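Here's the structure we're looking at; comments come further down.
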């Protein structure tokens with residue numbers, strides 16, 4: 001499988017020489033020497049590569065939005081601000097094989113005729129910062145970056161930017177504001193980043209895992225990439241599982257593998273004495289799936305049909321000894337803290353939700369609280385806020401109220417959290 005074959009986190013990531021010995025930068029050379037930018041975009045479109053950051057938008061289509069004849073600079077940004085609770089896939093790639101990301105960025109930049117690119121990295125990822133900095137330095141020393149890359153006439157600068165923090169920095173327009181040195185608030189859209197992005201210039205923002213697929217698509221072709229998948233979405237995917245499973249971790253598997261296979265075969269099922277109750281399939285900001293959904297293929301289309309989103313593909317698993325109300329309080333506490341305060345439904349609504357859930361956990365829940373929480377999930381629905389933070393925060397809550405309503409009612413009726421005495 002393409003993304004993880006050279007990654008071993010028990011040792012240093014491959015340097016430039018080792019990466020090249022395994023076929024690294026062959027995709028870049030092919031792109032620069034025998035393909036036009038338009039041909040690269042079409043190959044990525046044909047591969048059915050969808051964005052791995054959560055939204056699942058077709059990558060080649062996104063690249064095609066970049067204007068071809070824009071005056072002045074254009075930018076590419078790799079979104080490495082991985083702060084979604086339960087998500088740790090990009091860290092694996094950044095620390096394990098930084099040249100794979102950089103090669104993907106270089107091919108993407110050439111396809112969109114971008115001459116300046118940034119890696120926007122979560123500030124807490126200290127080891128990733130070291131590995132990326134070292135890899136970028138190697139590329140400049142070998143004249144893979146800078147002027148006239150490998151004699152192609154194409155020039156590119158790549159710079160590493162360490163984020164000052166906040167979950168909002170992962171939203172693409174909040175990220176762009178932060179990259180400009182401003183507060184990480186979302187921007188009103190339109191205009192969208194390909195029209196007016198970084199410093200008002202055309203900009204494309206792609207997730208780390210998305211870009212890591214690009215060298216393999218160009219080296220091996222769109223047909224090969226599609227053949228790795230079990231679904232219409234092309235390629236492989238890094239799937240993860242956290243919670244009280246036997247083997248929490250991360251695995252590269254064909255796109256479209258079922259929830260059951262990930263949970264039971266790769267994560268090893270639930271720990272001894274515990275029973276599965278549900279899971280958030282794609283990080284904290286997705287709706288719960290339950291036992292009836294275990295045979296749903298994990299791709300963008302099928303998970304949506306089941307009433308959730310695949311998101312980042314990293315499951316948070318709930319067992320029968322963990323309080324669902326307490327779990328949701330913990331998640332909503334995070335989202336309330338991370339709200340930038342730019343719009344009232346988000347900062348006010350999430351604060352209200354967090355206080356109600358906290359009261360339930362402490363035995364202070366009251367009749368009518370469930371109805372208040374239900375109202376808030378509608379108040380935070382898409383279209384009512386500047387960005388997707390609040391709608392995403394509402395997803396686990398609205399599905400929790402649907403699947404675990406008895407647990408909420410018991411908290412109110414018994415004036416306590418029943419799990420605290422277990």
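Readers should treat all values here as calculations from the given coordinates under stated rules, not as data from a laboratory. What you see is a predicted model; the values in this text were computed from it and never measured. Heads up, the Cβs are rebuilt from the backbone with ideal geometry, glycines too, and the neighbour counts pull from every protein chain shown.
How much length is gained if the chain between residue 140 and residue 34 is pulled fully straight, taking 0.36 nm per residue apart and subtracting their Cα-Cα distance, in nm to one decimal?
This chain segment gains 35.9 nm when fully extended.
Using per-residue counts of other Cβ atoms within 10 Å, averaged over each peptide, order 363-373, 27-37 from highest down.
Packing proxy ranking, top to bottom: 27-37, 363-373.
Tell me, in nm to one decimal, what length is gained between residue 155 and residue 127 on full extension, where the rule is 0.36 nm per residue of separation less the Cα-Cα distance?
The residue 155-residue 127 span can extend by a further 7.3 nm.
Cα atoms only, the chain: Rg and Dmax in Å?
Radius of gyration, then largest Cα-Cα span, for the chain: 22.0, 74 Å.
Could you line up 295, 69, 319 from fewest to most neighbouring Cβ atoms inside 10 Å?
69, 295, 319
Just rank 201, 378, fewest to most, by other beta-carbon atoms within 10 angstrom.
Values: 201 17, 378 10.
Arranged by neighbour count, lowest to highest, 201, 378 become 378, 201.
How high is the relative contact order of the chain, in percent, counting Cα pairs under 8 Å that sit 6 or more residues apart?
16 percent.
Expected output is a single nm value to one decimal: the length gained when fully extending between residue 147 and residue 409, i.e. 0.36 nm times separation in residues minus the C-alpha distance. What is it?
87.8 nm
In nanometres, what is the gap between the two model label sites at residue 192 and residue 381, each 7 Å from Cα along Cα-to-Cβ?
For residue 192 paired with residue 381, the spin-label model returns 2.3 nm.
Specify whether the C-alpha gyration tensor of the range 16-227 places it in the rounded, prolate or oblate class, a ≥ b ≥ c being the square roots of the eigenvalues: rounded for a/c under 1.5, otherwise prolate if a/b is larger than b/c and oblate if not.
Verdict is rounded for the range 16-227.
Treat the count of other C-beta atoms within 10 Å as a stand-in for reagent exposure and order 160, 121, 175 from fewest to most.
160, 121, 175
Going by alpha carbons, how many degrees (0 to 90, nearest 10) lie between the helix axis of 37-46 and the longest principal axis of the chain?
Approximately 40 degrees, to the nearest 10.
Cα gyration tensor of the range 1-104, axes a ≥ b ≥ c as square roots of the eigenvalues: rounded (a/c below 1.5), prolate (a/b > b/c) or oblate? It would help to have the intermediate numbers written out before the result.
Values: a/c = 1.93, a/b = 1.29, b/c = 1.50.
Here the range 1-104 falls in the oblate category.
Report, as a whole number in µm² per second, the diffusion coefficient that Stokes-Einstein gives for the range 173-327 at 10 °C and 1.306 mPa s using the Kirkwood radius over alpha carbon pairs.
Values: Rh = 17.5 Å.
Reported coefficient: 91 µm²/s.
Between residue 183 and residue 420, what FRET efficiency follows from the Cβ-Cβ distance if R0 is 35 Å, with the result rounded to 0.05?
Once the sixth-power term is evaluated, E becomes 0.35.
Considering only DSSP beta bridges where both residues belong to the chain, give the percentage that are antiparallel (nearest 5).
Antiparallel: roughly 40 percent of the beta bridges in the chain.
So what is the calculated 222 nm ellipticity per residue for the chain, using -39500 (n - 2.57) for each DSSP H run with n of 4 or more, over all residues, to the nearest 500 deg cm²/dmol? It would help to have the intermediate numbers written out before the result.
Working: 16 runs with 172 residues, N = 422.
Mean residue ellipticity at 222 nm (helix-derived): -12500 deg cm²/dmol.
With a cut-off of 13 Å, note down the residues of the range 13-40 whose backbone N falls inside the zone around a label point 7 Å from the Cα of residue 224 toward its beta carbon.
23-28, 30-31
Tilt of helix 98-112 relative to the longest C-alpha principal axis of the chain, in degrees (0 to 90, nearest 10)?
70 degrees
When the Kirkwood radius is taken over all Cα pairs of the range 241-349, what Stokes-Einstein diffusion coefficient follows at 10 °C and 1.306 mPa s, in µm²/s?
Diffusion coefficient, whole number: 108 µm²/s.
Which value in nm describes the separation of the simple spin-label points at residue 199 and residue 304, placed 7 Å from the Cα toward the beta carbon?
So the label points at residue 199 and residue 304 sit 3.6 nm apart.
What are the extents of the Cα atoms of the range 78-193 along their three principal axes, listed from largest to smallest and rounded to whole Å?
Principal-axis extents of the range 78-193 (Cα, largest first): 41, 34, 21 Å.
Computed on alpha carbon atoms, what radius of gyration and Dmax characterise the range 324-421, expressed in Å?
Over the range 324-421's Cα set, Rg and Dmax evaluate to 12.8, 41 Å.
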